[in-house]
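Written out below as structure tokens is the structure these notes cover.
No lab work stands behind these numbers, since they all come straight from the coordinates. Everything numeric here is computed off the predicted structure, so don't read it as measured data. Here the Cβ positions follow ideal geometry from the backbone for every residue, glycine too, while neighbour counts run over all protein chains shown.
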Amino acid sequence: MKVCYSDRYAVPLPEAHPFPMAKYRLVRDRLLAEGTITHWHLTEPTLANDEDILLVHHEDYWFRCVRGELTPLEIRRIGFPWSEALVRRSRASTQGTIVAARAALKDGLASNLAGGTHHAYPDHGEGYCVLNDIAIAARVLQRDGLAERIVVIDCDVHQGNGTAAIFRDDPTVFTFSIHGEKNFPARKEQSRQDVHLPNGVGDEDYLAILRRHVGQILDNFKPDFVFYQAGVDPFERDRLGKLKLTIDGLKRRDESVIGACRERDLPVVTTMGGGYGKDIYDTVEAHCNTVRTALSLF
Ligand SMILES: [Zn+2]
């Protein structure tokens, strides 16, 4: 199983910035230190090229982003200060999902230790998302004749609004999002299927709802490829989450989703998504569990 990681996933941020940029390296280091993965598993992605990116994003937006010509409002909406490193991060983490997708076709499963930037739209970014890596990787697979019917299972606590909008009128890509109703984005898009959860939902209720939906979607839509956005911000001590899943509950969630793909022999890519634990080591532990679960099931 391939695990994609690059030092380019992290960019320097102002000191008081709330985004836990250190998590990428910490997750990789922990997985290596405990022996869950070795250097044999790790693949460093190069940078996604413009041709692939433009399968989803508008030329005007993307090239202005590359040149540092986004407006202050556009940059504020993304939530990161613009830098050349930010452009490289966005390309690298997108390429990580593309490389993982190709590897999953061969091995059944692969992980990107970044990505899941599901708030990015074709013509703008928001919520710490510049490029929609899953949408781009899905389009790359379809263009190259490697997959036809794709499901996106988005378990981040925030709705996958960009992904939903991108595939709104596309019958070949099924978008599923299970998220907090009272959370960002305030104005939700319509995914093919949404579950809007009230604040405070805990492990058992969440898992029962999730299992029912995932099984039905995979059996009815009959995809040939699955992307799993495994955001860990539904965690009970997340600064943004408002739900009450435990670390163990998140792990059982990963087991449900990855296991459902495994049972049906469906290739699956995991991407990281959000995670804003009050203690960054909780966030790291929960992200590590996604990879541990993947390796144990495959
Ligand atoms: Zn999130």
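Quick rundown of the values:
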{"item": "Residues of segment 49-101 that turn out to be in a loop (DSSP other than H, G, I, E, B), of a type in the set (Val, Ile, Thr) and closer than 18 Å to GLY162 by Cα, as a count", "result": "1"}
{"item": "Residue count for segment 145-155, restricted to those that are closer than 22 Å to SER256 by Cα and surrounded by fewer than 24 Cβ atoms within 10 Å (Cβ to Cβ)", "result": "1"}
{"item": "Subset of segment 1-27 (residues that are more than 21 Å from ASP238 (Cα to Cα) and in a helix (DSSP H, G or I))", "result": "ASP7, ARG8, TYR9"}
{"item": "Top-ranked residue in segment 1-53 [being basic (Lys, Arg) and out of contact with any Ser or Thr (no Cβ under 7 Å at 6 or more places or on another chain); ranked as surrounded by the fewest Cβ atoms within 10 Å (Cβ to Cβ)]", "result": "ARG25"}
{"item": "Spans of helices (runs of 4 or more DSSP H) in segment 156-275 with at least 3 residues surrounded by fewer than 19 Cβ atoms within 10 Å (Cβ to Cβ) and either within 16 Å of the ligand (Cβ to nearest atom) or in contact (Cβ under 8 Å) with a residue 12 or more places away in the chain (or both)", "result": "203-221, 247-263"}
{"item": "Residue that is part of a helix (DSSP H, G or I), closer than 14 Å to ARG237 by Cα and either of a type in the set (Gly, Ala, Ser) or within 16 Å of the ligand (Cβ to nearest atom) (or both), where the choices are THR290, THR283", "result": "THR283"}
